[in-house]
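Some notes on the structure that comes next.
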Amino acid sequence: MKEKALPAERVSWLTRIRRNHALEHATIHILSQRHYNIRLVGRSDPWGFSLAGEVSTEEVASAIQEAIARFRHGEVELAIHPRCGTNLATSAVLAALSSFVAMGGRTHSRWEKLPRVLLATLGALLVAQPLGLWAQQYITTTSRVDGIRVKRLTCQQRGRVTNHRIELEHR
């Protein structure tokens, strides 16, 4: 009797986003190493990621393949990027919460609360950077890219901006 092949395990949408986000960061790191002072903007979703910046499609494809290979060889730090939106979001949330808390209390004048708000916001912003990097490492990215491959890479020119869309397949 012939055994039935089991279907490939489906990768959850959250895992796909985390993998895509890590691969986006790694691709940006590699392109930045190749081109001093390059400006790139990335955005990840469950289907892949997009890159905007002055770079050729061939270089993007090459950087993605290098990123996957480097992740497989243990270079997990490529998944973390200091200018990631996770850091910005962490800063915004902590600054807003600290300001909200500092505005509380019995003092009636907003001007009397201002020094507390400024101090609380400054403290929040000092904590935000390492917390944002931690959030990237443990929440918003994963460098486990086994079974990932580029399904489609397209390029579109919008004025002076080159946009690349990278669709990924997770197996």
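Just so it is clear, none of the values below were taken in a lab; they were calculated from the coordinates. Source: prediction; values computed, not measured. Neighbour counts are summed over all protein chains in view; Cβ atoms, including those assigned to glycine, are modelled from backbone coordinates with ideal geometry.
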Inset, instruction - Quick one: what are the phi-derived ³J(HN,Hα) couplings along segment 50-55, Karplus 6.51/-1.76/1.60 with θ = phi - 60°, whole Hz, x for glycine and proline? - result: 10, 10, 10, x, 7, 8
Legend entry - Cβ-based exposure ranking for Asp146, Asp45, in which fewest neighbours within 10 Å come first: Asp146, Asp45
Legend entry - Percentage relative contact order, segment 1-130, counting C-alpha pairs under 8 Å, at least six apart: 21
Inset, instruction - Compute the distance in nm between two label points, each set 7 Å from the Cα along the Cα-to-Cβ direction, one at Glu59 and one at Asp146. - result: 3.4
Legend entry - Under 5 Å, built H, 5+ apart or other chain: amide partners of Arg43: Ser50
Inset, instruction - Using only the Cα atoms of segment 86-138, construct the convex hull and provide its projected area averaged over every direction, in square nanometres to one decimal. - result: 3.4
Inset, instruction - Show me 21-31, 125-135 ranked by packing, highest mean number of other Cβ atoms within 10 Å first. - result: 21-31, 125-135
Inset, instruction - Quick one: pull the percentage of alpha-carbon pairs in the chain with a separation above 30 Å. - result: 34
Inset, instruction - Give me the number: length gained by fully extending His108 to Leu14, i.e. 0.36 nm times residue separation minus the C-alpha to C-alpha distance, one decimal in nm. - result: 29.3 nm
Inset, instruction - Order by neighbour count: Thr107, Thr90, Thr162, fewest other Cβ atoms within 10 Å first, most last. - result: Thr107, Thr162, Thr90
Inset, instruction - Provide the gained length on full extension for the span Phe100 to Glu169, in nm with one decimal, where the gain is 0.36 nm per separating residue minus the Cα-Cα distance. - result: 20.6 nm
Legend entry - Mean Kyte hydropathy of 0.0 or more with a Cα span along the axis of at least 20 Å, helices from DSSP in the chain: 85-102, 110-135
